[in-house]
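Undergrad: Submitted below is the structure of interest, expressed as structure tokens.
The values are calculated or read from the model by the stated rules, or taken from the named source; none is laboratory data. Because the structure is predicted, anything quoted here is derived from the model rather than measured. Cβ atoms come from the backbone with ideal geometry, glycine included; neighbour counts cover every protein chain shown. Keep in mind that these areas ignore ligands, DNA and RNA; they rest on the heavy atoms of the full protein, side chains included. Shrake-Rupley method; radii C 1.70, N 1.55, O 1.52, S 1.80 Å.
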Amino acid sequence: MTGTEQAKARQKGGAVKSFLFFIGGLALLAAIALGVGGYLGYQAAVKPGPAREDVIVLLPPGSAVSTIAHQLEDEGAIEHPEIFIAAVRLKGVQSEVKAGEYLIPARSSVLEIIDQLREGKSILHYFTAPEGRTTAQIIRLLNEHEVLEGEITVEPGEGELLPETFAFIRGETRDNLLRRMMKDQDALIDAIWDDRAMELPFSTPEEAIILASIVEKETGVAEERPRIAAVFVNRLKKGMRLESDPTIIYGLTQGEPLGRGLRVSELRGETPYNTYVIRGLPPTPIANPGKASIEAVLNPADTEDLFFVADGTGGHVFASTLREHNANVAKWRSIERQRAAKNGK
């Protein structure tokens, strides 16, 4: 190789080295830039958010990550939606972010919000179906609830709902909640029916619900229910009429408040629900009994009681003979007269 050729080769080699050095420098700068960018992005994702108060956000089903990010920005939960989007993608959790109604705590970071949406812990709302209400009354309460959705198309019968407090998330329909009440009552009966007392004067769960609804309407004192149930069970065994005022009222108003005392003519009126006239159980429940009343009629107290009357304190006094009962009634009438005199009536 001549001297000229050697010189050209050295120049060419130097140029290659310079180019490689230049490329390596660019790669290094890019890596540094990425590192700095990643660090700054991480810092932005973990720093406290802008919200000074808790924020409620409703994320509709099917919302894209970008839509969620901008909605969080609109609600004031985050400042930069692009950081939220990037963090979701870097974590690879695009499919894990769940729709729902969320309460975002004040100052939550982007990463904390992402974790909350992944857990899907939506705000819980509650509906309470009070014990002893008729099905029509419970349906009215459902229709008045502001969070529940949809028109009611389910048609449960009287006594087919289990009164409880039900938790649900926004989007729950009134029909679904009614179905839950019906399913819960069936599950309760299935769970306790086989453990019922021996020789009860009824043979089906449906009859148990009818009697439980009467017990429910006769007392609001929890500890009295097994003893009230025992009175009715004992009367049925002896072929005695139940003589329950709430059954008459149901026959007159379908369970709506009567607003006055029963008249003598109503006590003697021959309706399917007048247990002063008919023997045995009325044809349907008169309300939706709660768990305690259902359990009470399946396992009533072991007593010989056949009568009860109010005692003036919100509870009742019991008797096993008519003589005792008449004395108790006389005491109750005296209490009523004293109260009327005190109130100037």
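Yes or no, residue by residue, for (1) among the aliphatic types (A, V, I, L, M); (2) touching a helix residue (DSSP H, G or I) at 6+ places or on another chain (Cβ under 6 Å); (3) outside any loop (DSSP other than H, G, I, E, B); (4) open to solvent by 40 Å² or more (accessible area, probe 1.4 Å):
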position	(1), (2), (3), (4)
P50	no, no, no, yes
I56	yes, no, yes, yes
P61	no, no, no, yes
L72	yes, no, yes, no
A86	yes, no, yes, yes
R89	no, no, yes, yes
Q116	no, no, yes, no
L141	yes, no, yes, yes
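Undergrad: Report yes if T219 is open to solvent by less than 20 Å² (accessible area, probe 1.4 Å), polar (S, T, N, Q) and at pLDDT below 95, otherwise no.
TA: In short, yes.
Undergrad: In region 269-305, which residues are part of a loop (DSSP other than H, G, I, E, B), surrounded by 20 or more Cβ atoms within 10 Å (Cβ to Cβ) and not acidic (D, E)?
TA: Answer for region 269-305, where residues must be part of a loop (DSSP other than H, G, I, E, B), surrounded by 20 or more Cβ atoms within 10 Å (Cβ to Cβ) and not acidic (D, E): Y273, N274, T275, L281, P282, P285, I286, A287, N288, P289, G290, P300.
Here is a yes/no grid of residues against (1) at positive phi; (2) without any contact (Cβ under 8 Å) to a residue 24 or more places away in the chain:
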{"position": "I114", "(1), (2)": "no, no"}
{"position": "E144", "(1), (2)": "no, yes"}
{"position": "G159", "(1), (2)": "yes, no"}
{"position": "F166", "(1), (2)": "no, no"}
{"position": "R170", "(1), (2)": "no, no"}
{"position": "L177", "(1), (2)": "no, no"}
{"position": "M182", "(1), (2)": "no, no"}
{"position": "A187", "(1), (2)": "no, yes"}
{"position": "R196", "(1), (2)": "no, no"}
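Undergrad: Among the listed residues S213, S203, which satisfies the condition of being part of a loop (DSSP other than H, G, I, E, B) and either out of contact with any His (no Cβ under 7 Å at 6 or more places or on another chain) or without any contact (Cβ under 8 Å) to a residue 40 or more places away in the chain (or both)?
TA: Residue meeting the stated conditions: S203.
Undergrad: Which residue pairs have Cβ atoms under 9 Å apart, sit 6 or more places apart or on different chains, and have a first residue in region 317-345 that is without any contact (Cβ under 8 Å) to a residue 12 or more places away in the chain and a second that is loosely packed, with under 11 Cβ neighbours inside 10 Å?
TA: If the second residue must be loosely packed, with under 11 Cβ neighbours inside 10 Å, the pairs left are R339/K345.
Undergrad: Right, R227: open to solvent by 80 Å² or more (accessible area, probe 1.4 Å) and outside any helix (DSSP H, G or I) or not?
TA: no
Undergrad: Please count how many residues of region 309-345 are of a type in the set (A, V, I, L, M, F, W, C) and open to solvent by less than 40 Å² (accessible area, probe 1.4 Å).
TA: Total satisfying the criteria: 6.
Undergrad: Any idea which of L178, L242 is open to solvent by less than 10 Å² (accessible area, probe 1.4 Å), at pLDDT 95 or above and either within 30 Å of L59 (Cβ to Cβ) or of a type in the set (S, T, Y) (or both)?
TA: L178
Undergrad: Hey, among V110, V97, V154, which residue is in contact with a helix residue (DSSP H, G or I) (Cβ under 9 Å, 6 or more places away or on another chain), over 30 Å from P289 (Cβ atoms), surrounded by 12 or more Cβ atoms within 10 Å (Cβ to Cβ) and without any contact (Cβ under 8 Å) to a residue 40 or more places away in the chain?
TA: Result: V97 is the single residue among V110, V97, V154 that is in contact with a helix residue (DSSP H, G or I) (Cβ under 9 Å, 6 or more places away or on another chain), over 30 Å from P289 (Cβ atoms), surrounded by 12 or more Cβ atoms within 10 Å (Cβ to Cβ) and without any contact (Cβ under 8 Å) to a residue 40 or more places away in the chain.
Undergrad: On the basis of being without any contact (Cβ under 8 Å) to a residue 40 or more places away in the chain and in contact with a Gly (Cβ under 6 Å, 6 or more places away or on another chain), does T247 make the cut?
TA: For T247, the condition - without any contact (Cβ under 8 Å) to a residue 40 or more places away in the chain and in contact with a Gly (Cβ under 6 Å, 6 or more places away or on another chain) - is not met.
Undergrad: Need the failing condition index for S265 against (1) of a type in the set (S, T, N, Q); (2) under 28 Å from G312 (Cβ atoms); (3) touching a residue at least 24 places away in the same chain (Cβ under 8 Å), just the number.
TA: Answer for S265: the failing condition is (3).
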